[in-house]
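Working notes for the structure below.
The values are calculated or read from the model by the stated rules, or taken from the named source; none is laboratory data. Fair warning: this is a prediction, and the values are worked out from it, not measured in the lab. Cβ placement follows ideal geometry from the backbone for every residue including glycine, while neighbour counts extend to all protein chains displayed.
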Amino acid sequence: MARAAASTVQQLVLAGVAPAYAAAVLDGNQFSNDGRTFFHVLNVGAEMTVTFQTPGLMDGLAIAERTVVVPLTTGNKMIGPFPPDQYNQTTGVVYVDWTRATDVSFAVVRK
């Protein structure tokens, strides 16, 4: 299977936002990133790890991928923002990988 289509980025507003969540896909997800984007993970199953790929370079050296452990059952993590020069693919999206996708959802919000 292929990486899931880009997820919708939802705009934060002063009145608040009730984010819409999408299901994690084991083959990976992606989202548009302008450097003001945050990724909210909800996990209602076993502990898992989410990885954000880093195709960028710093001083000509590869940047280590960002991994975040999301605890079991009550896992709720807000991650970001993502500097575009470090996280964006050439298409302007960030690639997200999961150690498992069952019982995991996420929302992408922009400040």
*For the stretch 29-69, enumerate the residues that are β-branched (V, I, T) and closer than 21 Å to R110 by Cα.*
T37, V41, V50, T51, T54, T67, V68
*Looking at F52, F106, F39, which is the one that is over 21 Å from G16 (Cα atoms) and in contact (Cβ under 8 Å) with a residue 24 or more places away in the chain?*
F52
_Would you confirm, using the coordinates I've provided, whether F31 is modelled with pLDDT of 95 or more, at negative phi and out of contact with any Ser or Thr (no Cβ under 7 Å at 6 or more places or on another chain)?_
no
_Go through the stretch 58-111 and report how many residues are crowded, with 16+ Cβ neighbours inside 10 Å, of a type in the set (S, T, N, Q) and in contact with a Gly (Cβ under 7 Å, 6 or more places away or on another chain)._
1
*Output the number of the condition that T91 fails; it satisfies all remaining conditions of (1) of a type in the set (V, I, T); (2) touching a helix residue (DSSP H, G or I) at 6+ places or on another chain (Cβ under 8 Å); (3) without any contact (Cβ under 8 Å) to a residue 12 or more places away in the chain.*
(2)
